[in-house]
1. Given bins 20 angstrom wide, list per bin the percent of all Cα-Cα distances in the chain, short to long.
2. Search the structure for amide H atoms under 5 Å from the amide H of V276, placed 1.01 Å from N in the peptide plane, and list their residues when 5 or more places away or on another chain.
3. Write out the trypsin sites (Lys or Arg not before Pro) in segment 1-72 meeting two conditions: DSSP loop, and at most 14 other Cβ atoms within 10 Å of their Cβ.
4. How far is it, in nm, from the label point at M107 to the one at E77 when both lie 7 Å from their Cα along the line to the Cβ?
5. Determine ³J(HN,Hα), in whole Hz, for all residues of segment 325-338 in sequence, where each value follows from phi through the Karplus function 6.51 cos²θ - 1.76 cosθ + 1.60 and θ = phi - 60°; x replaces Gly and Pro.
6. How about segment 436-473: which trypsin sites (Lys or Arg not before Pro) there lie in a loop by DSSP and see at most 12 other Cβ atoms within 10 Å?
7. Which value at 222 nm does the chain reach when only helices count, each DSSP H run of 4 or more adding -39,500 (n - 2.57), with the total divided by all residues and rounded to the nearest 500 deg cm²/dmol?
8. Residues in segment 433-473, backbone N under 18 Å from the label point at L410 (7 Å along the Cα-to-beta-carbon vector): list them, ranges by number please.
Amino acid sequence: MYNVKSLKAEEFISDKEIQETLAYADENHQNMEFIDKILEKARLRKGLDHREASVLLACQDEEKIKEIYTLANQIKEDFYGSRIVMFAPLYLSNYCVNGCVYCPYHMKNKHIARKKLTQEEIVKEVTALQDMGHKRLAIEAGEDPVNNPIEYILESIKTIYSIQHKNGAIRRVNVNIAATTVENYRKLHDAGIGTYILFQETYHKESYEKLHPTGPKHDYAYHTEAMDRAMEGGIDDVGLGVLFGLEMYRYEFAGLLMHAEHLEAVHGVGPHTISVPRVKHADDIDPSAFDNGISDDIFAKICALIRISVPYTGMIISTRESQQVREKVLPLGVSQISGASRTSVGGYAEPEIPDEVTSAQFDVSDQRTLDEVVNWLMKLGYIPSFCTACYREGRTGDRFMALCKNMQILNCCHPNALITLKEYLVDYASEETKKIGMELIERELEKIPNPKVKQRAAETIGEIERGHRDFRF
Ligand code: SAM
């Protein structure tokens, strides 16, 4: 029944295969010789399959867990360096016809404020985001064919790309909207989107159907096969994720890796990113109502194992996580984080007043400003990056993977990160952040291996002081 290349959800995410994987992990989780062999394989930096990774997830041995963390950190350094790409979500509309029991946008929720941004309001939101320094957005919307049809999403993308306020520009729009048709994915591709993101929520079919009792999202196969349709529509950067807390984390973890293996097997390119959201408190939603919440330690272990299992896939942590948790998982392989996020519709231009009827999707744990997040990252030794070059140079899908696999990141992504950080510092940073950042750029320029690239990067960074913007390798 299990067939990684099948286009049928229940065959590439076979429940039987996941159950057997969990049994296999239980049988082997204390077999240290076998665990060492799996770790040896992981050190080759070519990834692990869902069975091997599940054995490591089940392993409780403190020493082995430390080894996993050390390796995750080394792989992150090798493939991504110390760069952390910055983005912000932009909520367009919270009208929704689904019945997702964990999400306050569910149709039966009558006390959430329903809002849909007009194109004029989008201009205000994007201007506010540009004024913070953001260059990369993830647009979010509920599923509602009447209020949020694909034409509305496409028009909004066009508006977002067209806005230029002072030196601001949104250079990459990622899209997180409900599963749709190949035809609509083609339209999104033609509109120039970056990554198409769709969280599976849970890979467990029975639970999935209970958690999505009504609306189009109830259809497990349609939702699970969405990434195949997206790829058929020409989108080759797709972002996976599960909402941890809904189902047993070990089940979800195996399903997530099987999904990644399926995309690689069928389309020749794995997921561009994996997100690891956890259920949060929201209007109408109490996270303790879900029995499968995971501790911060398990969360960190999952992050580390994703990093060693799929080294070429970026990993995203949103502001659902606190500063403290983010600090714990950053060294384990995270490559992208959001900053200064608002999950309310219109919340950047007009922040909601506490106790007001909210339109927000969930509570944000990390409430710092973008300047504070950038400052904090640099003090921790990371390079905040506002780079969007790969996608704009056509390095998507397997072409991005090739860059990663050939370890060309230091000659390409590293200078781009420094250039875009310099833009941020000159245009938006506070004096203190600017000072830390300028020193960091000087130090980091030295790490570019190719002398020609190094010289060019240094010249460009100088040009930014003289008003030059949007240079990229
Ligand atoms: N409506 C689209 C869909 O169905 O995929 C767009 C995605 S929604 C705006 C973004 C994601 O937020 C969901 O996929 C879900 O995983 C997550 N989410 C929903 N409710 C949440 C909650 N209470 N806490 C944390 N994340 C939540």
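Readers should treat all values here as calculations from the given coordinates under stated rules, not as data from a laboratory. These numbers were taken from a predicted model, which means no experiment stands behind them. Note that each Cβ is placed from the backbone with ideal geometry, even for glycine, and that neighbours are counted across all protein chains shown.
1. Final binned percentages: 25, 60, 16, 0.
2. For V276, whose amide H was placed from the backbone, the distant partners under 5 Å are I316, S318.
3. Hits after loop and neighbour filter: K5, K8, K46.
4. Between M107 and E77, the label points sit 5.3 nm apart.
5. 5, 4, 5, 5, 9, 3, x, 8, x, 5, 10, 9, 9, 8
6. Filter output for segment 436-473: R466.
7. -14000 deg cm²/dmol
8. The answer is 441-458, whose backbone nitrogens lie closer than 18 Å to the label point.
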